[in-house]
Each structure stands twice: as structure tokens, then as C-alpha cells.
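The values are calculated or read from the model by the stated rules, or taken from the named source; none is laboratory data. Since the model is a prediction, treat every value here as computed from it, not as a measurement. Here the Cβ is made from the backbone with ideal geometry for all residues, glycine too, and neighbour counts use every protein chain on show. Surface accessibility is based on the protein's heavy atoms, side chains included, excluding ligands, DNA and RNA. Shrake-Rupley method; radii C 1.70, N 1.55, O 1.52, S 1.80 Å.
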Amino acid sequence: MIDTDSIFQIQSDAQFEELAFAAFRYQFENNRIYRSYCDLLYVHPSSVIRLSDIPFLPIQFFKTHKVVSGDHPIEMEFASSGTTGQISSLHYVSDLRMYRKSFINGFKRFFGPIEDYTILALLPSYLERENSSLVYMVNQMIELSCFSESGFFLDNLEELSGLLEDLDKEGRNVLLLGVSFALLDLIEKHKFKLKNTLVMETGGMKGMRKELVREELHQLLRAGFGVEHIQSEYGMTELLSQAYSKGQGLFRTPPWMKILVRDTEDPLSLIQNDSTGGVNVIDLANIHSCSFIATQDLGKTYDDGSFEILGRFDHSDIRGCNLLAI
């Protein structure tokens with residue numbers, strides 16, 4: 001078993017690879033679903049010598065199987081959002097401490113200590129359902145904030161507008177974190193000229209508005225909030241780590257997370273940087289579930305370690321899911 005504290009102490013690519021191989025061996029032996037998938041691909045730890053040799057489990061399995069490593073008691077089940085009639089993904093989390101350490105340390109690396117921010121959260125579509133991993137994360141961040149004004153906002157946009165302007169004028173460090181459609185709702189009711197506020201979108205219109213390309217969305221948000229850059233968060237129910245963008249749609253990961261891109265025609269093959277393909281994620285914080293996940297996102301990686309999210313696959317099912325029926 002991996003020393004989980006070492007995951008958040010990674011300082012080099014070599015350390016990351018060492019822990020990634022250790023995570024693969026552990027999950028191969030202790031995750032029934034992942035082991036079955038690897039067996040069907042004829043992949044064994046003895047044949048894995050590069051990160052590219054490790055199989056990435058299609059994310060669809062979180063909708064149909066209980067993806068866990070080991071026999072630890074489950075502390076919480078996180079469920080993904082989905083449109084009516086869709087099956088939600090379920091992430092069975094047996095160590096919430098890992099999730100907290102991941103998002104606390106991850107945020108700090110990019111923006112500084114959570115305690116330094118007044119956190120205003122505009123997440124109506126998430127607050128209206130149970131077991132949201134995003135709501136859990138933001139609620140923990142609000143509790144860590146040293147400022148009493150931190151909190152969630154639902155339909156009270158006038159109250160939020162006034163508070164946001166007052167705090168910004170006071171020179172506070174403010175984080176306004178919201179789902180895209182709710183941020184657009186806010187700037188349609190009120191125009192801002194913010195100087196001390198980070199505006200962070202978590203993506204997704206959730207069927208509430210017409211989907212916009214990132215450039216168009218960020219242009220509207222920059223104009224509406226009067227800020228130079230829009231920050232973005234990239235995460236999902238099935239992961240315990242997040243990547244962040246400080247502008248221009250270029251995301252970066254914390255040291256315990258890595259993005260690789262696979263060939264859209266051959267999902268078992270990875271492609272070079274600066275080419276568009278399916279996004280594969282290594283999330284070492286996800287040690288008690290699966291750390292190697294093939295998502296439904298399309299993206300592109302770059303030599304400096306940054307990456308872009310360019311959209312999603314047209315088809316709902318990732319190729320490879322039909323390999324395994326358990």
C-alpha cells in the first residue's frame with residue numbers, strides 16, 4: 001500500500017512516475033473492476049514499463065460498477081449531475097481526508113491559502129441535489145475561510161451583487177466561484193468593475209442555456225465583471241483532484257495529477273503534445289478508487305505541461321466500455 005502522504009509531497013516527474021507505477025500495481029491487485037479490464041487487455045504489471053503502458057479505465061464504468069480499490073469502509077458516495085433519464089456516475093470515497101488534502105493543497109499552489117479569501121459560491125444546479133462533490137469541496141472551503149461573509153447563494157442575486165461590490169471596494173481577496181449559466185445570470189442583472197475578485201467558472205450550462213465555446217463565454221464574463229481574466233476549474237465527480245486555469249483556457253495540474261491525450265481512433269494509444277484527442281487523467285489522490293481514467297473530454301496537451309479542454313465526444317459511450325460486462 002502507498003504512503004498516501006507521499007502523494008502530496010511529489011516534487012519531480014521521477015517521483016510522480018514511481019508513485020504512479022505503485023498505484024497501478026496496488027489497484028491491479030485490489031480493484032476488481034480495474035483488474036478485469038486490464039486482464040481483458042492482456043496487461044500485467046510485469047509488462048508495464050512506461051506510463052503509456054498503463055490502461056485507463058473508461059469513465060463510463062463509474063455509472064455501471066462500483067469502482068473501489070481495497071475493502072475500506074465507504075465514507076461518502078458522490079454522484080454526478082446529469083440530465084433527466086441519464087444514469088449518474090457514483091464515486092465511492094473511502095477516505096475524505098484525501099479529497100480535502102487534494103483540494104486544499106491544489107488550490108493553495110495556484111491561488112494561495114483558502115483562508116485568505118472571502119468565498120462566494122454561486123452553484124444553484126449543484127445545491128439543488130444531493131451528494132455533489134463540488135458542493136462538498138466548496139462547503140469545506142467556506143468553512144476554512146476566515147471571513148463571515150463567505151457562503152452559498154442561490155436565487156438572491158441582488159444580495160450577492162451588493163456584497164460582491166462592497167467586498168471588492170474594501171480591497172478584500174474575494175473568490176466568486178460559480179457554474180457558467182449562473183454567472184451569466186448575475187451579469188445580466190448587474191454590471192461590475194471588480195479589482196480584487198477572482199471570478200472562477202466551473203464549466204457547464206447544465207441544460208440551462210445554450211452551450212458556448214470557451215472564448216465566447218469568457219469574453220462575456222470578462223466584460224460583465226470588468227476583470228482581465230476568468231479563472232477556470234477542471235474537475236469531475238470521478239476524481240479527487242482539480243486542475244486550474246488562470247486565463248486563456250490553459251489548465252495546469254498539481255504535481256500529483258497528470259493529463260495525457262489518447263488517439264480518438266485507437267483509445268489504447270496515446271498521442272503527442274499539440275494534437276487533439278481524448279483526455280486521460282492520472283489522479284494519484286484517487287488511490288482508493290481508480291487513478292487512471294479515460295474521460296469523455298477532448299483536449300490538447302502542450303510541452304510546458306499545460307492543457308486545453310476543447311469539447312466532448314459526440315457519442316456518449318467511450319470505445320472500450322463494451323469490453324467488460326461484469
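Odds and ends about this structure:
- Taking the 1.4 Å solvent-accessible surface of the chain as the whole, the part contributed by carbon and sulfur is 46%.
- Listed peptides 116-124, 228-236 by packing density, highest first (mean Cβ within 10 Å): 116-124, 228-236
- Selection from Ile33, Ile49, Ala22, by position along the positive dipole direction of segment 4-53 (Cβ): Ile33
- Once P(r) over Cα pairs in 20 Å bins from 0, in percent is calculated for the structure shown, the corresponding label among (1) 29, 52, 14, 5, 0; (2) 30, 51, 18, 2, 0; (3) 32, 58, 10, 0 turns out to be (3).
- Evaluated with a Cβ-only charge set (Lys, Arg +1; Asp, Glu -1), the chain carries a dipole of roughly 160 debye about its Cα centre, given to the nearest 20.
- Taking the average, over residues, of other Cβ atoms within 10 Å as the packing measure, peptides 278-284, 103-109 rank 278-284, 103-109 from highest down.
- Put Val213, Val179 in order of accessible area, highest first, and with a 1.4 Å probe you get Val213, Val179.
- Residues Ile54, Ile74, sorted by accessible area with the largest first, give Ile74, Ile54 [1.4 Å probe; ligands and nucleic acids excluded].
- Taking the chain and dividing mean pair separation by its residue count, relative contact order in percent (alpha carbons under 8 Å, at least six apart): 19 percent
- Per residue, segment 118-246 exposes 45 Å² of accessible surface when a 1.4 Å probe is rolled over the protein heavy atoms with every protein chain present.
- Protection proxy ranking, peptides 10-17, 34-41, average beta carbon neighbours within 10 Å, highest first: 34-41, 10-17
- Considering only Asn286, Gly226, Asn105, the residue lying farthest towards the positive end of the dipole of the chain is Asn286, judged by Cα position with unit charges set on Cβ.
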